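Notes follow once the structure below has been shown.
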Amino acid sequence: MARVLINIPAAARRGEIIPIRTLIQHTMETGYRPGADGEVLPRDIIRRFTCTYDGEEVFSAEFSPAIAANPFLSFTLVTTNSGPVVLRWEGDNGFAQTETREITVA
Amino acid sequence: MKRALPILLLAPLCLSASAQERRSGFENMARDTQAMQTDDTANPGMLWVLEGQSLWHQPAGPAAQSCASCHQNTEVSMRGVAARYPAWDEASAAPIDLAGRIAQCRETRQGAPPLARESQGLLSLSAYVGNQSRGLPIAPPADPRMDAAREQGRALYTARRGQLDLSCAQCHDDNAGRRLAGSTIPQAHPTGYPLYRLEWQTLGSLQRRLRGCMTGVRAEPFAYGASEYVAIEAFLASRAQGMALETPAVRP
């Protein structure tokens, strides 16, 4: 499991715009760099990120080899109901990680 | 008053880094990069701190002891420790840096497989221990046995080396604050190690940074963990005495 840092407010008012910020530990190896032995290192990147809120997809992103290691994402969502925010990263070599945070909407 | 005037006029001409106000490399950074460091949820170095925290509590070796088994209550027991290193090591009768101490403790006390320099495990543990001292002033020990290493460090810092025939001091004392290509030359105060360098795309130690400078002037770098590196670290710590630790810092 990769280490992640997630910043989501635990509670919010209905209709509020809340920021979500995520940082995940990943080498994002481009597939173009030679290693110490001169051989090109195989690509190993995160391909896709999705965020669902209360069962509905609210944000997604396609990643490319040009994205830096340990990618940081920042986006916003508008709160409707209390529910889980599910963050999912998927990538090469079967990389998959899911993190869930609950938001309480008053 | 009149007599003081010529001296005041001359002063700006003979400023060196030692006479300048000491500045952490943090102050040379763009505001975005500073924000990245100060926000713990945006600072990638915190990923290694988290990793270090889990390693700290993970039993290792035949006796299944973790770091936390001895050093309980880490926030208290490890507070200020990183600010004191490099320090004198009784066992080897030589100066030792924080990463060296962690590796030594792991090998001799826990009996666990040794952690290599720049390995993720050692960097993570160093970052976790370093993070406990964040905000504290760098406080090199007054131990007179460290003096020889500090002197050796000063000599290494001021000696010209490599095909470019440059010493550390020529950039970081004589020309600190000026620009080398697009970057401001920092004063070389080791306030945030191990730190996340955007160029490296990962966390790295002070020794890795020193190694980078040495290959930059086309000198042969020392091996990781060499006594020369520890001596330079000890000298830099005495030079940065009193400056606040920022571990894990972010640098461009």
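The residues of region A:1-31 that are away from every other protein chain (no Cβ under 14 Å) and not aliphatic (A, V, I, L, M), listed by number, are A:ARG13, A:ARG14, A:GLY15, A:GLU16, A:GLY31.
Flag: A:ARG101 matches the condition of being within 14 Å of chain B (Cβ to nearest Cβ), more than 30 Å from B:GLU199 (Cβ to Cβ) and assigned to a strand (DSSP E or B).
Output yes when any residue across region A:74-84 is loosely packed, with under 12 Cβ neighbours inside 10 Å and of a type outside the set (S, T, N, Q), and no when none is. No: region A:74-84 contains no residue that is loosely packed, with under 12 Cβ neighbours inside 10 Å and of a type outside the set (S, T, N, Q). Checked against (1) within 11 Å of chain B (Cβ to nearest Cβ); (2) of a type outside the set (Asp, Glu); (3) on the phi < 0 side of the Ramachandran plot, A:ASN70 meets all criteria but (3).
Residue count for region B:18-59 under the criterion of being in contact with a Ser or Thr (Cβ under 7 Å, 6 or more places away or on another chain), assigned to a loop (DSSP other than H, G, I, E, B) and farther than 15 Å from B:ARG106 by Cα: the result is 1. Applying the set (1) over 11 Å from the mean Cα position of the chain (by Cα); (2) part of a strand (DSSP E or B); (3) farther than 27 Å from B:VAL250 by Cβ; (4) among the polar types (S, T, N, Q) to A:THR76 leaves exactly one unmet item: (3). Taking region A:32-55 as the range and being surrounded by fewer than 17 Cβ atoms within 10 Å (Cβ to Cβ), within 14 Å of chain B (Cβ to nearest Cβ) and among the hydrophobic types (A, V, I, L, M, F, W, C) as the test, the residues that pass are A:ALA36, A:LEU41. Here is a check on your reading of the model: is B:ARG160 surrounded by fewer than 20 Cβ atoms within 10 Å (Cβ to Cβ), free of Cβ contacts under 8 Å to residues at least 40 places away in the same chain and over 23 Å from B:GLU21 (Cα atoms)? Yes.
Against the conditions (1) surrounded by fewer than 19 Cβ atoms within 10 Å (Cβ to Cβ); (2) within 14 Å of chain A (Cβ to nearest Cβ); (3) without any contact (Cβ under 8 Å) to a residue 60 or more places away in the chain, B:THR202 satisfies every one except (1). Just so you know, in region B:190-199 the residues that are within 14 Å of another protein chain (Cβ to nearest Cβ) and outside any strand (DSSP E or B) include one that is surrounded by the most Cβ atoms within 10 Å (Cβ to Cβ), and it is B:LEU198. Among the candidates B:GLY100, B:GLY52, B:GLY45, the residue that is within 14 Å of chain A (Cβ to nearest Cβ), crowded, with 19+ Cβ neighbours inside 10 Å and in contact with a strand residue (DSSP E or B) (Cβ under 9 Å, 6 or more places away or on another chain) is uniquely B:GLY45.
When you scan region A:19-29, do you find a residue that is closer than 25 Å to B:GLY52 by Cα, of a type in the set (Ser, Thr, Tyr) and in a loop (DSSP other than H, G, I, E, B), even just one? Taking every residue of region A:19-29 in turn, at least one turns out to be closer than 25 Å to B:GLY52 by Cα, of a type in the set (Ser, Thr, Tyr) and in a loop (DSSP other than H, G, I, E, B). Considering region B:19-42, and only residues there that are more than 20 Å from A:PRO71 (Cβ to Cβ) and hydrophobic (A, V, I, L, M, F, W, C), the residue that is surrounded by the fewest Cβ atoms within 10 Å (Cβ to Cβ) turns out to be B:ALA19. Step by step: first the residues of region A:30-73, then only those that are touching a helix residue (DSSP H, G or I) at 6+ places or on another chain (Cβ under 7 Å) and outside any strand (DSSP E or B), then the one that is farthest from A:THR104 (Cα to Cα). Which residue is that? This residue is A:ARG43.
FYI, it's all coordinate maths here, none of it is from the lab. These numbers were taken from a predicted model, which means no experiment stands behind them. Cβ coordinates were reconstructed from backbone atoms using ideal geometry, including for glycine residues, and neighbour counts include every protein chain displayed.
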